[in-house]
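Taking it in order: structure first as structure tokens, then the write-up.
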Amino acid sequence: MRPIRLPEPPGGFSGMPEIFEGGVYGAIRRAVVIGNGFSGAENQCIGLVRALGLSGRHSLYRVTRPRGGFNEWFRWLPVSIHQKVDYFIRQITVKGNKVMPISPERKGLSSILEADAKKIASMARETFEREGPVLVVASGHDTISVASSIKQLAPENVFVVQFLTVGALHQADSALLRSAASAWHDELALLPKPLLVVNIGGSTSSCQYGVDLAKQLTAYLQNVLWSCGSLRISFSRRTPEKVSRILLKEFSGDPKVYIWDGEGRNPHMGHLAWADAFVITADSVSMMSEACSTGKPVYVIGAERCTWKFADFQKSLRERGVVRPFTGMEDISESWSYSPLNDTVEAASRVIEALAGRGWTIQL
């Protein structure tokens with residue numbers, strides 16, 4: 001893969017990146033997100049940008065994998081070339097001195113060889129060869145070993161910050177939720193309480209389910225509907241039609257229930273702001289992480305079907321008292337509390353601390 005060449009920042013270029021004030025040891029003023037079109041990974045990057053105080057001062061550039069012909073076969077390899085490409089391009093960079101979170105989304109990253117780690121470090125250096133050092137941020141169990149390899153093998157201008165997060169980074173911070181609460185006030189504020197929001201994802205290789213779980217979820221929701229003032233259901237882009245069809249057939253005629261059909265503006269952020277409780281399928285680390293950052297009750301269905309890092313994630317949430325299994329016996333009007341997940345803010349703090357150690361600050 002050739003180094004990625006970013007367009008020049010506005011304002012001209014005279015040997016020193018425009019984002020600095022007062023030389024290299026100055027203030028970082030904007031960010032560049034390099035994505036590959038996967039919203040889950042890009043949301044993590046943009047969430048970190050927001051937490052760093054650079055919201056509204058970032059650009060998004062996408063690098064997509066080739067399609068067609070033999071390229072279609074690569075996705076079936078356990079550790080494919082494309083996964084290694086994803087590893088590099090699924091980044092956020094603070095241009096000049098780069099902040100590059102490694103997204104822990106692709107299975108197989110933990111088995112990247114030394115040569116791959118060296119290549120990634122080399123690509124990072126070559127891509128931004130005329131500018132300052134590169135900071136790699138790795139969070140999550142399956143990126144730590146890779147980050148450690150990069151740290152050992154990388155040239156001097158690459159330094160690594162590595163730490164474990166409970167869940168995924170995301171954009172649903174307090175400022176965005178306040179904005180969403182205002183934007184969705186007219187539609188959601190006057191709904192009968194409590195408002196139960198159900199987010200349904202889709203089966204993955206590490207969290208498999210189908211119509212069986214859909215039927216179970218439908219029965220459980222019917223059991224708790226008496227305790228809900230309103231019920232709103234959203235499907236993700238990964239939700240199979242055979243799953244969504246079951247819930248649509250069961251609840252479409254119920255006046256208490258609203259099902260978003262994918263048309264019009266996405267109510268996801270409005271739901272996060274106005275819901276009193278959530279039911280979420282266990283396959284989506286991102287949806288779970290967002291809901292668990294609100295401090296509101298979060299019920300999970302399908303956790304027993306998860307393996308690999310999904311099972312570890314669910315176990316961690318249960319041990320922290322952040323989630324409870326959805327059994328269909330709940331009274332949704334009964335609330336409970338926990339310490340909300342705060343991974344994105346904590347990640348930003350670690351990045352800011354690492355930058356400060358090199359004499360850099362972020363201009364707020």
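The values are calculated or read from the model by the stated rules, or taken from the named source; none is laboratory data. Because the structure is predicted, anything quoted here is derived from the model rather than measured. Reconstructed Cβ throughout: ideal geometry from the backbone, glycine too, with neighbour counts over all protein chains shown. Each accessible area value is taken on the protein alone, full model and side chains, heavy atoms only, with ligands, DNA and RNA left out. Shrake-Rupley method; radii C 1.70, N 1.55, O 1.52, S 1.80 Å.
Among the numbered conditions (1) without any contact (Cβ under 8 Å) to a residue 12 or more places away in the chain; (2) not in a helix (DSSP H, G or I), the only one that Lys315 does not meet is (2).
For (1) touching a residue at least 60 places away in the same chain (Cβ under 8 Å); (2) under 22 Å from Ser39 (Cα atoms); (3) among the basic types (Lys, Arg), each residue gets a yes or a no:
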| residue | (1), (2), (3) |
| --- | --- |
| Ser244 | no, yes, no |
| Leu247 | no, no, no |
| Asn266 | no, yes, no |
| Gly270 | yes, yes, no |
| Thr281 | yes, yes, no |
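Are any residues in the range 211-250 assigned to a strand (DSSP E or B) and closer than 22 Å to Ser286 by Cα, and if so, which ones? Within the range 211-250, Leu231, Arg232, Ile233, Ser234, Phe235 meet the criteria.
Restricting attention to the range 35-49, the residues that are open to solvent by less than 10 Å² (accessible area, probe 1.4 Å) and not in a helix (DSSP H, G or I) add up to 1.
Screening the candidates Gly253, Gly270 for the property of being outside any loop (DSSP other than H, G, I, E, B) and open to solvent by less than 90 Å² (accessible area, probe 1.4 Å) yields one hit, Gly270. Going through (1) closer than 16 Å to Arg324 by Cα; (2) open to solvent by 20 Å² or more (accessible area, probe 1.4 Å) one by one, Asp212 falls short only on (1). Being open to solvent by 30 Å² or more (accessible area, probe 1.4 Å) and among the β-branched types (Val, Ile, Thr) is not true of Thr344. For the range 289-306, the set of residues classified as in a helix (DSSP H, G or I) and in contact (Cβ under 8 Å) with a residue 24 or more places away in the chain consists of Ser289, Glu290, Ala291, Cys292, Arg305, listed by residue number. For Ala356, the test of being modelled with pLDDT under 90, more than 25 Å from the chain's Cα centre (by Cα) and hydrophobic (A, V, I, L, M, F, W, C) is passed. Ser286 falls short on exactly one of the conditions (1) assigned to a loop (DSSP other than H, G, I, E, B); (2) hydroxyl-bearing (Ser, Thr, Tyr); (3) within 17 Å of Val166 (Cα to Cα), and that condition is (1).
Scanning the range 347-364 for residues that are in a loop (DSSP other than H, G, I, E, B) and either free of Cβ contacts under 8 Å to residues at least 24 places away in the same chain or surrounded by 15 or more Cβ atoms within 10 Å (Cβ to Cβ) (or both) returns a single hit, Trp360. Anything in the range 286-310 that is at pLDDT below 95, more than 17 Å from the chain's Cα centre (by Cα) and open to solvent by 30 Å² or more (accessible area, probe 1.4 Å)? List them, or say none. Matches in the range 286-310: Glu304, Arg305, Thr307, Trp308.
Scan the range 317-341 residue by residue and report those that are closer than 20 Å to Gln44 by Cα and crowded, with 16+ Cβ neighbours inside 10 Å.
Selection gives Leu317, Leu341.
For the subset of the range 318-346 comprising residues that are assigned to a helix (DSSP H, G or I) and farther than 24 Å from Arg50 by Cβ, which member is farthest from the chain's Cα centre (by Cα)? Per the criteria, the residue is Glu319.
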